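Working notes, structure below.
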Amino acid sequence: VQLQASGGGSVQAGGSLELSCIDSGREFGAYTVSWFRRAPGKEREFVAGVAIDGTTNYVDFVKGRFTASRDNTKNTMYLQMDRLKPEDTAVYSCYGISPPANIWGKGTLVTVSS
């Protein structure tokens, strides 16, 4: 598994972005994948996860606004972000785990202006 996030950019508050994380390897379907973010000056935090069977879970502050999904046929996971807020500004990274292996992908910057 080799993960690479993309789709970040600048958007005004209330807008939307869709992030993608593609795996250039061949074992994506065996990994639970997640989105994390790190805002300027803050610790990295969990945002959303998608299990192998597609089950999702979210941190409270994105519930109802963000939707995580995966397409194993495309080795890709997604994060649809709606009703973005300035506090969503961060570098978003994807993470995959299939014990004992785990891997971080390069992040993508999301900037939300008020």
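Things to note:
- Verdict on Val11 being in contact (Cβ under 8 Å) with a residue 60 or more places away in the chain, touching a Lys or Arg at 6+ places or on another chain (Cβ under 7 Å), β-branched (Val, Ile, Thr) and not in a loop (DSSP other than H, G, I, E, B): no
- Among the residues making up the stretch 96-114, those that are touching a Leu at 6+ places or on another chain (Cβ under 9 Å) and modelled with pLDDT of 95 or more are Thr108, Val110, Val112.
- Per-region count, the stretch 61-114, residues among the basic types (Lys, Arg), within 24 Å of Gly29 (Cβ to Cβ) and surrounded by fewer than 13 Cβ atoms within 10 Å (Cβ to Cβ): 1
- Within the stretch 44-60, tally of residues that are open to solvent by 40 Å² or more (accessible area, probe 1.4 Å) and not in a loop (DSSP other than H, G, I, E, B): 7
- Enumeration of residues in the stretch 1-31 that are modelled with pLDDT of 95 or more and hydroxyl-bearing (Ser, Thr, Tyr): Ser6, Ser10, Ser16, Ser20
- Taking the stretch 62-88 as the range and being in contact (Cβ under 8 Å) with a residue 12 or more places away in the chain and in a strand (DSSP E or B) as the test, the residues that pass are Phe66, Thr67, Ala68, Ser69, Arg70, Thr76, Met77, Tyr78, Leu79, Gln80, Met81.
- Qualifying residue in the stretch 23-35 (condition: over 13 Å from Leu79 (Cα atoms) and aromatic (Phe, Trp, Tyr)): yes
- Among the residues of the stretch 4-49, those that are among the aliphatic types (A, V, I, L, M) and either more than 18 Å from Thr89 (Cα to Cα) or in contact with a Cys (Cβ under 9 Å, 6 or more places away or on another chain) (or both) comprise Ala5, Leu19, Ile22, Ala30, Val33.
- Those residues of the stretch 32-43 which are open to solvent by less than 30 Å² (accessible area, probe 1.4 Å) and either closer than 19 Å to Ser69 by Cβ or modelled with pLDDT under 90 (or both), in sequence order: Val33, Ser34, Trp35, Arg37
- Residues of the stretch 14-35 that are among the charged types (D, E, K, R) and assigned to a loop (DSSP other than H, G, I, E, B): Arg26, Glu27.
The values are calculated or read from the model by the stated rules, or taken from the named source; none is laboratory data. What you see is a predicted model; the values in this text were computed from it and never measured. No Cβ is skipped: glycine too gets one built from the backbone with ideal geometry, and neighbour counts run over all protein chains shown. Heavy atoms of the whole protein, side chains included, go into the accessibility calculation; ligands, DNA and RNA do not. Shrake-Rupley method; radii C 1.70, N 1.55, O 1.52, S 1.80 Å.
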